[in-house]
Every structure is written in C-alpha cells, then in structure tokens.
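*Asks:* Handing you this structure, nothing more for now.
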Amino acid sequence: VKGSTRMNALNTLLLGARATLFWAGSIPSTLLAGLLAPLAWLLPPRYRYPATTLWNCFNRWWLEVTCGVKYQVLGRENIPTDVAFIIMANHQSTWETFAIPCIFPQQLSWVMKRELLKIPFFGWGLRLIRPIAIDRGAGRAAVKQISHQGKALLQEGVCIVIFPEGTRVAPDVKAEYKIGGAILASHSGFPVLPVAKNAGKSWQRHAWIKQPGTITVSIGPAFSTKGLKADAINQQAQDWIEAEKARLP
C-alpha cells in the first residue's frame, strides 16, 4: 500500500511538472502573439486568419509534446467543402479552442463572451478572427447579435463555431443547449455540422494537471436547416452530439 501511495505521489508530481512545462511555453507564446497582433492587421484578410491561428496550432502541439495529450479525428469526410456552415459542438475543455482551428481548413469565427476581448495580449489576437463577442447576460439582444453578425459572416464564406452549452461542461454532465446557434441556422439557412469531443477527460475545467491520452473528435454529417425551426435544429444537433459523446471512449 505504501509503495502504491508513493508511486501515485510521484506520478502526480510528474504530471504537475509536465503541466508547468506546458504553461512555461504557452504563456510566452501568448504574449508574443498578442504583441504581433497589430502587425497582422497589415496582412491581406486571406493571410490574416492563418497567421493568427499559428498560435492555436503551436499550443496544441506543445501540449502533446509536454503532457502527452494527443488526438484523433473521426468523420473528416463530413466537413463540407462547397459552403460555409455552423459548427455546433459540446464544450468540455480549453483544449478545443486550441485544436478546432487546426482541424478545420476553413476560416472560422467564434461566438464567445465579450470579456475575453479585454484580456491583454490574448484578447488582442482574438479580435483578428472577427469573433461574435456577446454579453451573455443580454438575453434576446445577444441572440439577435449572433443571428445578425453570424449570417453576414456566413455569407462571406466564414464558418461559425458555437458551443450551445454556453460554458465548459464535465464529461459526465448534461447541460441545456441554448438556442442562439439554432436561431442563426434557421434564419440564415446554412447547414449545421455537429461535433462531439471528450477533451474533458484529459483537460478538466480549472485543472492544472493534464492527463496524457488520446482525445477523440467526432464530426457528424452536416444537416440542412432550410425550412426548419430553431427548436428542431437545436434538438437534432443535441441528439447527435449527446449520443456520439456517450459512445466516445
């Protein structure tokens, strides 16, 4: 028993050291990206987004190197290539904010809380991706903002990422899906691409230690939203995401 306790303590210490090493690389990369963000505005729009997301891909790679957090993607063939779309995904971890831009080749904009834009360095870079930054306490005004800005971006060919749960949710917890993304889909007529992930098993909310392993990202078939009401869209996305989430290892 003592030997097992000692091994567990050593393993925890090692995992903590690896997480510290990750942050020792991630924080300087964030500062550098923030300082360079003003220069990125000088680039043509088609180069601005790829330059900005280098930060995401570096941190996803650095997390794998330092903490052993790998990933696999199922259903890449389901990603539409001829039309913009709305990604509706469950939200368990900070990891997906690193990885999603590295998985999808399209330009992405995110629905996010506007407070993130006020974070020094990090927020400066966020502005480059033309986010839909909402006041989560604004109710109908926030939903209208998502619908108005999101439709305009989709018509430009920019895909929208939204976490309908609204916040990070533990892997074994179910949360109500908010209606904003579904209203955007209903009003715009653009397809929804459901995505399920189990990232919370490696990187839990507010957790310093990152558990090594392989995160699975499953991309479902895109479905048409033309002629569907928002409630039906929300339910269809939720049904697929929750069922797929339950099947992930």
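*Asks:* Of the listed peptides 15-28, 96-109, what is their order by residue-averaged count of other C-beta atoms within 10 Å, with the highest listed first?
*Replies:* 96-109, 15-28
*Asks:* Just in the stretch 158-249: which GluC sites (Glu not before Pro) are loop by DSSP and have at most 16 other Cβ atoms within 10 Å? List each step's numbers first, then the result.
*Replies:* Values: sites: Glu165, Glu176, Glu242, Glu244; in loops: Glu165, Glu176.
Here the sparse-neighbourhood loop sites are Glu176.
*Asks:* How large is ³J(HN,Hα) for each residue in the stretch 222-232, as worked out from phi by the Karplus curve 6.51 cos²θ - 1.76 cosθ + 1.60 (θ = phi - 60°), to whole Hz, x for Gly and Pro?
*Replies:* Working through the residues one at a time gives 5, 10, 5, 10, 5, x, 9, 7, 4, 4, 5 Hz.
*Asks:* Further question: Express the accessible area of the stretch 11-92 per residue in Å², computed with a 1.4 Å probe while the remaining protein chains stay in the model.
*Replies:* On a per-residue basis, 54 Å².
*Asks:* Next up: For the stretch 1-151, give the percent of accessible area contributed by carbon and sulfur heavy atoms, probe 1.4 Å, rounded to a whole number. Write out the running numbers ahead of the final one.
*Replies:* Working: 5290 of 8250 Å².
Carbon and sulfur together cover 64 percent of it.
*Asks:* Turning to a different aspect of this structure: Can you give me the accessible area per residue for the stretch 164-249, using a 1.4 Å probe, in Å²?
*Replies:* Numbers: 4020 Å² over 86 residues.
Result: 47 Å² of accessible area for each residue.
*Asks:* Among bridges DSSP assigns within the chain, what percent are antiparallel (round to 5)?
*Replies:* 15 percent
*Asks:* To the nearest 0.05, how large is the calculated FRET efficiency for Ala207 and Tyr47 if R₀ is 22 Å and r is the Cβ-Cβ distance?
*Replies:* About 0.05, to the nearest 0.05.
*Asks:* Sort 57-68, 133-144 by the packing proxy (mean of other Cβ within 10 Å over each peptide's residues), most packed first. Write out the running numbers ahead of the final one.
*Replies:* Numbers: 57-68: 18.0, 133-144: 13.8.
Order by mean packing, descending: 57-68, 133-144.
*Asks:* Tell me, what % of the accessible area of the stretch 160-213 is carbon and sulfur with a 1.4 angstrom probe?
*Replies:* Solvent-exposed carbon and sulfur of the stretch 160-213 make up 55 percent of the total.
The values are calculated or read from the model by the stated rules, or taken from the named source; none is laboratory data. These figures come from a predicted structure and were not determined experimentally. Don't worry about glycine lacking a Cβ; one is built from the backbone with ideal geometry, like all the others, and counts go over all protein chains shown. Areas reflect the complete protein model, heavy atoms only, side chains present, ligands, DNA and RNA absent. Shrake-Rupley method; radii C 1.70, N 1.55, O 1.52, S 1.80 Å.
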